[in-house]
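What follows is one structure encoded as structure tokens, with my remarks underneath.
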There are 2 protein chains.
Amino acid sequence: MAYIGGKREVIHSVKVGIALVLVTLLYLLDPLFERVGENAMWAIMTVVLVFEFFAGATLSKGIYRGIGTIVGGGLGCFAAILANKREEMFEAIVVGTSIFIFGTVATYMRLLPKIKRRYDYAVMIFILTFNLVLVSPVRSEIIVGLALDRLATVGMGLAICICISIFIFPMWASDELHYSTAFKFQKLASCVDGSLEEFYTIPNDTETLQSTVMQTCKSILHSKTNEESLANLARWEPWHGKFGFFHPWEKYLEVGETLGELAAMIFTFYGYFQSSKKASSVMSQATKEPTEIVMLSLVWILREFGESIKKMKRCRASVLITPKLQSMKLQLNLIYSADSTVEAQENDEKFKITCSSLLMEIVAKM
Amino acid sequence: MAYIGGKREVIHSVKVGIALVLVTLLYLLDPLFERVGENAMWAIMTVVLVFEFFAGATLSKGIYRGIGTIVGGGLGCFAAILANKREEMFEAIVVGTSIFIFGTVATYMRLLPKIKRRYDYAVMIFILTFNLVLVSPVRSEIIVGLALDRLATVGMGLAICICISIFIFPMWASDELHYSTAFKFQKLASCVDGSLEEFYTIPNDTETLQSTVMQTCKSILHSKTNEESLANLARWEPWHGKFGFFHPWEKYLEVGETLGELAAMIFTFYGYFQSSKKASSVMSQATKEPTEIVMLSLVWILREFGESIKKMKRCRASVLITPKLQSMKLQLNLIYSADSTVEAQENDEKFKITCSSLLMEIVAKM
């Protein structure tokens, strides 16, 4: 089951609190402090910046932070040693120039869409570490040792973050993606279901359940960005529950995309329906029955899909019901007279898309 | 005019490079280093973390960083002084407990949607500063002086960031929002315009310009998140060019929302059109002319809107053309025979929405 809202947030907050206290022990306990020294602040900073809500986010940020620190620290040490050999004026020029060049190039890389989407954080940490390492030795001269000390404390912070995030009540982005996809199907089904009674009973009221359906459609259309980031994070998460290492996360995006297309169509249908209700206040009762039949099967199909995604079972609908639906569709086309072409065609479209979503899902559930 | 792609990214990167070099001078120049000491690393960190692409983003992050640092530092000092009065064991317990409590509460606050959307960064900096200040004095005893020194260096970093961001080739999120809104109208118009010739000439080809229209519609539908963040940033930007302090940014979101609804309808219309072309390979020529007339006026209206948003002028269409369109719509409804009801009704919808978008825009341009 999906977690209940609110509870997860409290658990996450307590986890961060525990991680912060653990990392503070590096300062508070004398023997540890002797070894790590002032660098312990890097561990605190790591916990605050890296500990994210989802385990996948913590893991990916942590690994990127590690890589950024190592690469930035290494290059920084190299540049600093190079600069240190000559006299002071030359040193200042080398340091300034390399900071400018690396800062500019790395910032430009952060703006490229491909790198921005995935490696933004790693490049940022690279710039930060490179600058801090390069600048410190101008004073302290003990550059490599300093870099290694900092790396060790960052590593300690990362280890605490990742362990707490994964082993104590983990929040998986994969669960979130899985259940939110199933939930979208069911929410849309419930909305459409609830709006059915209003189709012919309340002709003039505009603020009805049908507006709720349109709102739901819009929220489905706008959920893409969120889904993409969840799928990105889900790839990072280790094997757990029913999700293997090579779970086809991109299939969720495809299903989401198809559901979005369906939502756009339902949105248009309801919009059309509302405006035509306003134009001619009493609709012909002849269209009522077939429309309701089509909407009810739409609701039923959506529920089946939601259920089958949630339980990760091959959808019953795909085997038993698709042929039945196809024949029903043909029947509907015959029943519909000229004045109700719109609904028939609209629902036609919906069936087409629904069927394609069905096929996609079968692929996803293989 | 909107900036040309690519050039802006280079300018931004060079600006960040300059800011980094300026902040490095704090280390490199001896007299300055004597005063700010090792704390200069806070200035570097501030530049790397705060300098964003848009001036509004830099400004808001900078101000939030400032507030977070002051509040976190103040509370940290208070807690540290409180803890320092007693013996060591007691001190460790007070420090650990307050880190746990403040860390947990602040992390929980970061998860609340309202705070997450706006103040996420400020709360994060608060946690970071609070912990670092609280933990340092356990060793150094010179707590208030340390906190003030750090605040001063963070302030220096912020000043460098904000000055460079605003005064040297500034990138305004408000420009981006303004031109991208206008550009969306024009892009949709061009796509629809380009697809018109294919309506009856290529009956069986599925990979046509019409798919481009559907792709464009989808990208418009998915642009909401980006627009919202731009509008959020635009509010931070000072008076510049033709944008005053109280420019109605939320109107852009409303226009975007309406354009999204229109895009959903155009998407459905093209989807229907493609599937019905597949079903009956030759469409009746009777529907050709009215459909083209409607689509051409749609293209024209979209172009007018795009142009009027770009130039921030009251749309000519609103005064001269709306009544004409209304009468044309009525004519079309008469021309359309039973078998073309779908297009007529679909375009009806489009007109309705287009008109409502028109009205909204008039309000926005007051």
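The values are calculated or read from the model by the stated rules, or taken from the named source; none is laboratory data. In this text the structure is predicted, and so the values were computed from the model without any measurement. Methodologically, a virtual Cβ is constructed for each residue, glycine included, from the backbone with ideal geometry; neighbour enumeration extends over all protein chains shown. These accessible areas exclude ligands, DNA and RNA; they are computed on the full protein's heavy atoms, side chains included. Shrake-Rupley method; radii C 1.70, N 1.55, O 1.52, S 1.80 Å.
Among (1) under 23 Å from the mean Cα position of the chain (by Cα); (2) crowded, with 23+ Cβ neighbours inside 10 Å; (3) without any contact (Cβ under 8 Å) to a residue 24 or more places away in the chain, there is one condition B:Lys116 misses while meeting the rest; what is its number? That leaves (2) as the condition not met.
Scan the stretch B:85-99 for residues that are open to solvent by less than 70 Å² (accessible area, probe 1.4 Å) and either among the hydrophobic types (A, V, I, L, M, F, W, C) or more than 9 Å from chain A (Cβ to nearest Cβ) (or both) and jot them down. Full working, then the answer.
First pass over the stretch B:85-99, keeping only residues open to solvent by less than 70 Å² (accessible area, probe 1.4 Å): B:91-92, B:94-99.
Result: B:Ala92, B:Val94, B:Val95, B:Ser98, B:Ile99.
Exactly one condition in (1) surrounded by 18 or more Cβ atoms within 10 Å (Cβ to Cβ); (2) modelled with pLDDT of 90 or more; (3) of a type in the set (A, V, I, L, M, F, W, C) is false for B:Val23; which is it? All conditions are met except number (2).
When A:Ala263, A:Ala231 are checked against the criterion of being open to solvent by less than 20 Å² (accessible area, probe 1.4 Å), under 24 Å from A:Phe169 (Cα atoms) and either at pLDDT below 65 or not basic (Lys, Arg) (or both), A:Ala231 stands alone in meeting it.
Restricted to the stretch B:146-177, and to residues that are part of a helix (DSSP H, G or I) and β-branched (Val, Ile, Thr), which residue is surrounded by the fewest Cβ atoms within 10 Å (Cβ to Cβ)? Explain how you work it out, then say what you get.
Here is the first cut: in the stretch B:146-177, the ones part of a helix (DSSP H, G or I) are B:146-167, B:173-177.
Then keep just the ones that are β-branched (Val, Ile, Thr); that gives B:153-154, B:160, B:162, B:164, B:166.
Numbers: B:Thr153: 23, B:Val154: 25, B:Ile160: 23, B:Ile162: 19, B:Ile164: 21, B:Ile166: 16.
Filtering the stretch B:146-177 for residues that are part of a helix (DSSP H, G or I) and β-branched (Val, Ile, Thr), the one surrounded by the fewest Cβ atoms within 10 Å (Cβ to Cβ) comes out as B:Ile166.
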